[in-house]
Amino acid sequence: MKMIKMRQIYLYLTALIFIFGSCYLGWYYYKNSVNETKFLVVENGKFDLEKFSYVLNINNQSNSQMDLTVAEIPLSETNNFKKIYFYYDKDYPILGSSVSSVLGVYDHLLAEYQQKNISVEIQQVDANQLSEIMNDKNSVLIMATGILPETVYSPDKNLISPWLADGGTLFWVGDGFGYYYGVAGTEIKNQESPYKIGWSGQERLLGHNYLDGPNVGSVSESQGDVPSSLATTFGIKSRYTQTGVLVSSLAENGGLDLGYHYSFKNDSRTSLAEIKIGNGDIIIFGSPLLNREMDVAWDISQITSSGVLQSDVLKINFRKIIIASDDKEKIDRQINIDNNTKVRLMIFSSDFAKRYFLLKDFARD
């Protein structure tokens, strides 16, 4: 009995030591983290006619170098995404991925917004709830299952186009958008599936066929190697282009090239593209999800937090800065903004091992 009590005391003391040790380590790393407030402070933001100026006050007390991107984004609108819907329904098929990867995007998104200290609510919804969401013209929807369910899209139904035209925003991760539709309790097993609509479905949904063209045989061979200017600006990580938007079609219709290019003889595909549909937007990733949930979650959080979809894109500036260990300096900046009344500064490291993120808005009085 005495031995049992001594063992219990030992285990209790061990647990206390572990808890206090973990707390100390957490405190230590917090105090020495590059995310500490004193590391980088934005000061003296001033509007002057068509220009905006500010100062970066840097005080790196850590023992490591930090590579940062500073994006300066004049905003034409002030709309921020406060609520995001994430689609998953266990009764409906998934293409080009798995249940764990799809739900992994959801989990990583929660972590990304928490890490970046951005207040966004993400709600999971099933196929039957989608029609309700599409009554809200300001809703944002993420679909990573690679197939639209019959509750919103089929040969006799299309709730997607009116919703987008009214102002909805859709992030699509999958194969050809609109090529198939999903029916509860079924699978898509081959090209001759009875649930195949083909490329005409995309024309019906988006008014144009953005994806039907030359491609490579597998996703793994389709990695783009030339980033667009916006991919560099926002640290985009998704590079696969097998089912990406054709760059020529994107340019013809005034979309945003946010990705990396894979070039063919007569055209290129991009790994990430935004297409304006009426008052809304669809953002198309260049391949099925597979198991790339971390990169996809990062890219979605970068796009939604930056405000790029509400910005004057041609006025966006960015620069790379390298902050050495024990660096202490001030950097003066001035940018042209014309008549824009709001500027968003987005400062981040895209290195998952050295995380840093700062978002700060300035509004003209």
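The values are calculated or read from the model by the stated rules, or taken from the named source; none is laboratory data. Just so we're clear, the structure is a prediction, and the values are computed from it rather than from any experiment. As a convention, Cβ positions derive from the backbone with ideal geometry for all residues, glycine included, and neighbour counts pool all protein chains shown.
Is it the case that Gly259 is crowded, with 23+ Cβ neighbours inside 10 Å and under 24 Å from Gly278 (Cα atoms)? For Gly259, the condition - crowded, with 23+ Cβ neighbours inside 10 Å and under 24 Å from Gly278 (Cα atoms) - is met. Would you confirm, using the coordinates I've provided, whether Thr186 is under 30 Å from Asp67 (Cα atoms) and surrounded by fewer than 16 Cβ atoms within 10 Å (Cβ to Cβ)? Taking the combined requirement at face value, the residue does not satisfy it.
Within the stretch 221-256, the set of residues being part of a helix (DSSP H, G or I) and among the polar types (S, T, N, Q) comprises Ser229, Thr232, Thr233, Ser248, Ser249. Only one of the listed residues (Asp212, Asp225, Asp267) is surrounded by fewer than 17 Cβ atoms within 10 Å (Cβ to Cβ), touching a Leu at 6+ places or on another chain (Cβ under 6 Å) and free of Cβ contacts under 8 Å to residues at least 60 places away in the same chain. That residue is Asp267. Of all residues in the stretch 91-105, those satisfying the criterion of being more than 20 Å from the chain's Cα centre (by Cα) and under 17 Å from Gly286 (Cα atoms) are Ile94, Leu95. Checked against the criterion of being within 15 Å of the chain's Cα centre (by Cα) and either farther than 27 Å from Met346 by Cα or of a type outside the set (Asp, Glu) (or both), the candidates Leu164, Leu159, Leu170 yield just one match: Leu170. The condition of being within 27 Å of Leu211 (Cα to Cα), modelled with pLDDT under 95 and touching a Phe, Trp or Tyr at 6+ places or on another chain (Cβ under 8 Å) holds for Arg292. Yes or no: the stretch 173-193 includes at least one residue that is closer than 30 Å to Arg319 by Cα and in contact with a Phe, Trp or Tyr (Cβ under 8 Å, 6 or more places away or on another chain). Taking every residue of the stretch 173-193 in turn, at least one turns out to be closer than 30 Å to Arg319 by Cα and in contact with a Phe, Trp or Tyr (Cβ under 8 Å, 6 or more places away or on another chain). Scanning for something more than 22 Å from Gly259 (Cα to Cα) and either crowded, with 20+ Cβ neighbours inside 10 Å or touching a residue at least 24 places away in the same chain (Cβ under 8 Å) (or both), does the stretch 166-175 turn up at least one residue? Within the stretch 166-175, one or more residues are more than 22 Å from Gly259 (Cα to Cα) and either crowded, with 20+ Cβ neighbours inside 10 Å or touching a residue at least 24 places away in the same chain (Cβ under 8 Å) (or both). Considering Gly104, Gly96, the condition of being under 29 Å from Leu359 (Cα atoms) and either hydrophobic (A, V, I, L, M, F, W, C) or in the same structural domain as Ile300 (by TED's automatic domain parsing) (or both) is satisfied by Gly104 alone.
In the stretch 303-365, counting only strands (runs of 3 or more DSSP E) that sit wholly within it, the ones holding 2 or more residues that are among the aliphatic types (A, V, I, L, M) and either on the phi > 0 side of the Ramachandran plot or surrounded by 15 or more Cβ atoms within 10 Å (Cβ to Cβ) (or both) span 317-323, 342-349, 356-363.
Of all the residues in the stretch 173-216, those that are in contact with a helix residue (DSSP H, G or I) (Cβ under 8 Å, 6 or more places away or on another chain), in a helix (DSSP H, G or I) and more than 19 Å from Ala251 (Cβ to Cβ) number 2.
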